[in-house]
Amino acid sequence: MDMNNRSVLLINIGGVTKEDASNTYLWIPYGLLTIATIAAGEQKYNVKILDLMLNPDYLKYIEKTKPFVIGISATSPEYPKAIDVSNSIGAAYPDIPIIFGGVHPTLYPLEVFKDSPSVKAVVVGEGEFAFLNILERLVENKDMDGIPNVILRKNQSYNTNCTEYVDGSKFAMPRYDLIDNIEKYIDASEYELGYKALHIVLTRGCPYNCAYCSVKSIQGTRVRAPEAAKAAGFIGDCLKKYKKSGVEGFWLKDSDFVLNWRWVQALHKHIDDLGLKPKFSIHSNPINFIRRTGTSGNRLLSDRLEALSRMGVTHIWLGIESGSIDILKKYKQKVDLADIYNIVDACKKVNIKPCGFFMIGFWDEKLINIKETFKLMNSLALEKKRLHILNPLPGSRLYDFYLKKGLLKVGLESNLGFSQAAVPTKYLSVKKLMMIYQEMHQFFYEGRSKPHWIKEY
């Protein structure tokens, strides 16, 4: 089979209209990019990534590119739309095999077969090498039985090979040229960071036990990373290749970049040795900058922030989550409010812009707890603030909790997201929670007056 007959299409669901493609949420579909990079290696396959955030006309794109196989990735909020897309493709192109993957299919693969008759196989977990194996079997017209991390429609059962994680030494450095309209993603980063950046994920895995997070279920608890020298070399190559596009740095989309501090230090050294001066935006749990010292209180690890500043870190996105110490303790966040203030102040002292993620809608949350979160958001000197409604994502402990209570809509009826309430709290209805969220959103992002339920502190 020649190269023209090895056309592969990977579809990122995201939004479905161009109006959905706001700068704030236009992120490179990195999971698909990793899969595409491996499949395109050594010119084996002609891989393209279609992001429906930018081009929702997937049927027209398929007619143009004529792929011999299609991969679709979906998170839980995207899952209902992903099934619609799959069924539409199956009806229009019944001879093209469709392979599903992503967070939701990883956790509920058998659900995919039930909801979309067009799906031939589901890749669970990390899929770059599993998908490559699928391509090889399809080209050779061989059966796909026994491929690690792959579940087939014909047997629809798990096997012991479905839990393999990719070793960090095998992480592929992404080929951004496989994405159409890469310039749009680069430009979007400038909206958030003030400079143009490429999105990248260097590390995988998380040992923390946050009740609302599903990262452990997907990536495991062991932190894995590529060789620091390899990552630094790639950073240098990208800065050179995309210099004309104005790229100055990278937005590291690792769930928590600072978990393996020794690796971060090694990466910093190799970057310095190459004479590079990149900028970085990173995500981190605040606990990474605190050392617990027993009864004498926590100690701020200001040396880490100083080192990150020297490395070129411009922004740290902190998972602060709540302004209520009771909620933080209940949901396993091992920091107190004094720690948060100290970290934010220390960031500013070393010219790092601190940013924060917050949530409302925890099961045990009362209005007084939300007021505490409002107070913290309003008083912290953060560069950017992101407020979400807690929605129990599949793979998290909270998802199982709400499922047992019968409060969740699942599968195609799911209404999970981060800007709408899917479940009530113990004390607040969905309607009340949405009203609170909307008024907080209007205050922090639209400059309106304080919500009517906020009194003087």
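The values are calculated or read from the model by the stated rules, or taken from the named source; none is laboratory data. As the structure is a computational prediction, the values presented were derived from the model and not from experiment. Using ideal geometry, Cβ is built from the backbone for each residue, glycine included, and neighbour counts are taken over all protein chains shown. Side chains included, ligands, DNA and RNA excluded: accessible areas come from the protein's heavy atoms. Shrake-Rupley method; radii C 1.70, N 1.55, O 1.52, S 1.80 Å.
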Seminar exercise, completed: The condition from (1) modelled with pLDDT under 90; (2) buried (at least 19 other Cβ atoms within 10 Å of the Cβ) that Thr24 misses is numbered (2)
Problem set entry | Hits in the range 176-234 - residues which are under 14 Å from the mean Cα position of the chain (by Cα) and small (Gly, Ala, Ser) | Gly205, Ser214, Ser217
Exercise. Does the range 422-437 include one or more residues that are within 26 Å of Val112 (Cβ to Cβ) and open to solvent by less than 80 Å² (accessible area, probe 1.4 Å)?
Worked result: yes
Exercise. Is there a residue being within 22 Å of Val201 (Cβ to Cβ), exposed (fewer than 15 other Cβ atoms within 10 Å of the Cβ) and not acidic (Asp, Glu) anywhere in the range 131-140?
Worked result: no
Problem set entry | Candidate set from the range 350-381 (those that are open to solvent by 10 Å² or more (accessible area, probe 1.4 Å) and small (Gly, Ala, Ser)); member that is farthest from the chain's Cα centre (by Cα) | Ser379
For this session: Working carefully through the options Pro77, Pro97, find the one that is open to solvent by 10 Å² or more (accessible area, probe 1.4 Å), modelled with pLDDT of 95 or more and either at negative phi or more than 20 Å from the chain's Cα centre (by Cα) (or both).
Result: Pro97
Seminar exercise, completed: Turns out the strands (runs of 3 or more DSSP E) fully within the range 58-158 with at least 3 residues that are over 15 Å from Ile13 (Cβ atoms) are 119-123, 150-152
Seminar exercise, completed: By residue number, the members of the range 404-438 that are over 23 Å from the mean Cα position of the chain (by Cα) and either part of a helix (DSSP H, G or I) or among the aromatic types (Phe, Trp, Tyr) (or both) are Lys404, Tyr427, Val430, Lys431, Lys432, Leu433, Met434, Met435, Ile436, Gln438
Exercise. Of all residues in the range 165-216 being in contact with a Pro (Cβ under 8 Å, 6 or more places away or on another chain) and open to solvent by less than 50 Å² (accessible area, probe 1.4 Å), which is farthest from Asp254 (Cα to Cα)?
Worked result: Ile179
Problem set entry | Candidate set: the range 265-278, residues that are in contact (Cβ under 8 Å) with a residue 24 or more places away in the chain and assigned to a helix (DSSP H, G or I); chosen: the one most open to solvent (accessible area, probe 1.4 Å) | Lys269
Exercise. Do you know which residues across the range 219-244 are modelled with pLDDT under 95 and open to solvent by less than 20 Å² (accessible area, probe 1.4 Å)?
Worked result: Gly220
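Can you confirm whether Arg262 is farther than 29 Å from Val123 by Cβ, open to solvent by 10 Å² or more (accessible area, probe 1.4 Å) and not in a helix (DSSP H, G or I)?
Working: farther than 29 Å from Val123 by Cβ: yes; open to solvent by 10 Å² or more (accessible area, probe 1.4 Å): yes; not in a helix (DSSP H, G or I): no.
Taking the combined requirement at face value, the residue does not satisfy it.
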Exercise. Restricting to the range 273-315, what's the tally of residues that are under 14 Å from Ile340 (Cβ atoms) and charged (D, E, K, R)?
Worked result: 0
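Are any of the residues in the range 317-334 assigned to a loop (DSSP other than H, G, I, E, B), touching a Cys at 6+ places or on another chain (Cβ under 8 Å) and more than 26 Å from Phe280 (Cα to Cα)?
Of all residues in the range 317-334, those assigned to a loop (DSSP other than H, G, I, E, B) come to 322-324, 331-334.
The next check asks that each one be touching a Cys at 6+ places or on another chain (Cβ under 8 Å); those that pass are 331-333.
Filter once more, keeping what is more than 26 Å from Phe280 (Cα to Cα): 331-332.
Scanning the range 317-334, I find at least one residue that is assigned to a loop (DSSP other than H, G, I, E, B), touching a Cys at 6+ places or on another chain (Cβ under 8 Å) and more than 26 Å from Phe280 (Cα to Cα), so the answer is yes.
Within the range 193-218, track down each residue that is assigned to a helix (DSSP H, G or I) and modelled with pLDDT of 90 or more.
Residue satisfying the conditions is Leu193 alone.
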Exercise. Tally time: how many residues in the range 335-380 are closer than 28 Å to Pro392 by Cα, of a type in the set (Asp, Glu) and not in a loop (DSSP other than H, G, I, E, B)?
Worked result: 2
